[in-house]
Amino acid sequence: TKNPKEGEEEKLQGASYVTQMYVICVRSMKDRRFERFSVDALGTVFFMAVLCGILWWQKGVGANLATVTGASDVAALLFFLSMFLSVNLMFSSIFTFPTEKTMLLKEREAKVYPVSAFFFGRTMADIPLDTLIPVTVTTIIYVMTGLKPTVDAFLLTMMVVLITCFTAGSLGLL
């Protein structure tokens with residue numbers, strides 16, 4: 001190793017930006033998995049999914065859609081599905097950030113990583129956690145309510161629900 005000359009300071013090299021994001025992502029997944037997948041949280045979400053399935057039982061079948069009332073029922077179901085899941089996710093984002101704020105401020109003071117690495121690492125950790133529940137709940141409700149039984153219709157519904165949920169989660173972080 002070189003001896004630093006007089007007047008020169010040896011700079012310490014920290015972890016790369018990608019490594020910082022990876023470490024924050026893994027830490028966030030370990031911390032938040034118990035919060036997102038607690039018995040209370042999962043019980044509430046799945047109870048609501050089954051309740052919606054019972055309330056709108058087979059309302060998506062073609063004969064029901066032929067009437068204005070039937071079409072309105074399906075529109076209400078789809079609205080409720082996307083709103084319930086997105087508001088649930090948004091409040092999850094809103095209430096988890098304050099608990100991490102103290103740790104973030106301490107690590108920022110120590111110049112461990114930039115805020116952007118924290119944000120992107122946390123977002124990468126949230127994607128699998130915030131995708132699993134909406135996909136499962138949407139599948140349960142989709143099958144119980146008898147919505148259009150084609151792969152295209154199911155995937156379109158899933159895509160709309162996920163985009164709505166990710167947008168709500170982003171608004172919660174904002």
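Laboratory data are not the source of any read-out in this text; all were calculated from the coordinates shown. Just so it is clear, the structure is predicted and the values come from calculations on it, not from any experiment. Quick reminder, even Gly has a Cβ in these numbers, built from the backbone with ideal geometry, and neighbours come from all protein chains shown.
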Which value at 222 nm does the chain reach when only helices count, each DSSP H run of 4 or more adding -39,500 (n - 2.57), with the total divided by all residues and rounded to the nearest 500 deg cm²/dmol?
-> -27500 deg cm²/dmol
Projecting the Cα atoms of L55, L171, S38 onto the charge dipole of the chain, where Lys and Arg contribute +1 and Asp and Glu -1 at Cβ, the residue farthest towards the positive end is S38
Specify the residue with the greatest mean-square fluctuation among T123, T69, T157, computed from a Gaussian network of the chain linking alpha-carbon atoms under 10 Å apart.
-> T69
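Within the chain, which whole H helices from DSSP have a Cα span along their axis of at least 15 Å and a mean Kyte-Doolittle hydropathy of 1.0 or more, if any?
On the way: long enough: 17-36 (27 Å, -0.52); 39-55 (23 Å, 2.18); 68-109 (60 Å, 0.79); 115-145 (44 Å, 1.19); 151-173 (33 Å, 1.93).
Long hydrophobic helices here: 39-55, 115-145, 151-173.
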Cα-based Lys proximity count in the chain, under 28 Å, for pairs eight or more positions apart or on separate chains = 10
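What is the calculated FRET efficiency for F34 to V143, with r their C-beta to C-beta distance and R₀ = 41 Å, to the nearest 0.05? Before the final figure, lay out the partial values.
Numbers: r = 29 Å, r/R0 = 0.70.
Calculated transfer efficiency: 0.90.
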According to a simple spin-label model (label point 7 Å from Cα along Cα-to-Cβ), what is the distance in nm between L173 and V50?
-> 3.3
